[in-house]
1. Any residue in the stretch 57-72 that is within 26 Å of C202 (Cβ to Cβ) and in contact with a helix residue (DSSP H, G or I) (Cβ under 9 Å, 6 or more places away or on another chain)?
2. Give me the pairs, please: first residue somewhere in the stretch 142-158 and assigned by TED's automatic domain parsing to the domain that holds F212 and more than 13 Å from S207 (Cβ to Cβ), second residue anywhere and modelled with pLDDT of 95 or more and of a type in the set (F, W, Y), beta-carbon distance under 9 Å, and either six or more positions apart or on two chains.
3. For the structure I just gave you, tell me whether R255 is part of a loop (DSSP other than H, G, I, E, B), under 30 Å from S91 (Cα atoms), among the charged types (D, E, K, R) and at pLDDT below 80.
4. Scanning the stretch 129-146 for residues that are in a helix (DSSP H, G or I) and at pLDDT 95 or above, which turns out surrounded by the most Cβ atoms within 10 Å (Cβ to Cβ)?
5. Checking G168 against (1) surrounded by fewer than 19 Cβ atoms within 10 Å (Cβ to Cβ); (2) out of contact with any helix residue (DSSP H, G or I) (no Cβ under 8 Å at 6 or more places or on another chain), only one condition comes out false. Which one?
6. Inspect the stretch 219-230 for any residue being farther than 30 Å from G31 by Cα, in a helix (DSSP H, G or I), not β-branched (V, I, T) and not assigned by TED's automatic domain parsing to the domain that holds P118 and give the result as yes or no.
7. Here are some conditions: (1) part of a helix (DSSP H, G or I); (2) outside the structural domain of D70 (by TED's automatic domain parsing); (3) surrounded by fewer than 18 Cβ atoms within 10 Å (Cβ to Cβ). R199 meets all but one. Which one does it not meet?
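The values are calculated or read from the model by the stated rules, or taken from the named source; none is laboratory data. Everything quoted here is computed from the prediction, not taken from an experiment. Cβ sites come from the backbone with ideal geometry, for glycine too, and all protein chains shown count toward neighbours.
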Amino acid sequence: MSDRPRERGAHAPGGIAEARAALAAWVDDAGPAGRAFLQALVRATGGGRYEIRHRRDVGFPLDALEVSRDPFAARAIAQVTDDGEHRPLKSSPNLRAGWALVELDESALWTALDYLYPACAVHWHAGRTGTLRVTHWRETAARQTGMYGAVKLLETEAVRNAVRACCGDAVCLRRVAWEVDEATPLEMAGEGPPHGDARVPCPEACSMFVSFARQVLKVERAPRRPVEGLVPMAAEETNQLRALVAAAASGTLGRVREGEFDDPLNPRRIRYLAARVAAAEAPMDEGELPCEGCPRRVPCAGCPMVT
């Protein structure tokens, strides 16, 4: 549950020093194989020194990689994808490969990993020790102001679909630890094991989710019309379907930046539409009956049971 007002503070109350020591000990215990922390491989190299590289580069010699002994080089590494696109969300599964950070002491290890994955190590430690503090969506939404203030109006099912679209494994490597509110769960489907050896919880909706929620609210509040075989849709959603078909036909699908929510081909917007269609049923036309035992309220076209 969210903290009571008098107890609010950092999401990991144990502090950075405790988490930093725990991270080093965790890596040391793994031996030469190291630990997979999301898409990064972290391993001890002896003498109290550590190395970080992309998990895809595990078999490469150092002379085949871009090598640095400066932990602050991790900041530039985390900024762009392999294709040079900006990464607004550092926990997205698109960390570029081809680099190695070497000869890091315990403090430099922490600094580098925190640039690659901001706050992830401290939240990882808090999750392991049961001290993670979470802030549920309704509380996060209530403190938004300006053009984001309206996100508090999102209904529960829209919040759930937005989380499925914006926070699933395909787009974020963290695990959502917050709910709609203390009494209303998100009802997230099991996402399987964590990526690598570290389960990194997300204690609060991030700024990208809040921005996405604003776009979702615009779609949810638009008038919708019935669409045969699908759920009722707003004009913007039917236009999105047309754009999807056209992009698939031309081979341009998947080229939109992840933070451009105004674009109908944004991957999170596509995931939201898919979640809404999957979670809802189209209205049953009068006189139509589903086959016995069929879970569909609306029978398939040409169903032999329909007379």
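1. Yes, that holds for at least one residue.
2. L154/W137
3. yes
4. Applying the filter and picking the extreme gives W137.
5. (2)
6. Yes, some residue in the stretch 219-230 is farther than 30 Å from G31 by Cα, in a helix (DSSP H, G or I), not β-branched (V, I, T) and not assigned by TED's automatic domain parsing to the domain that holds P118.
7. The failed condition is (1).
Here is a yes/no grid of residues against (1) in a loop (DSSP other than H, G, I, E, B); (2) loosely packed, with under 15 Cβ neighbours inside 10 Å; (3) on the phi > 0 side of the Ramachandran plot; (4) not β-branched (V, I, T):
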site: E18; (1), (2), (3), (4): no, no, no, yes
site: A21; (1), (2), (3), (4): no, yes, no, yes
site: A25; (1), (2), (3), (4): no, yes, no, yes
site: A36; (1), (2), (3), (4): no, no, no, yes
site: L41; (1), (2), (3), (4): no, no, no, yes
site: T45; (1), (2), (3), (4): no, yes, no, no
site: Y50; (1), (2), (3), (4): no, no, no, yes
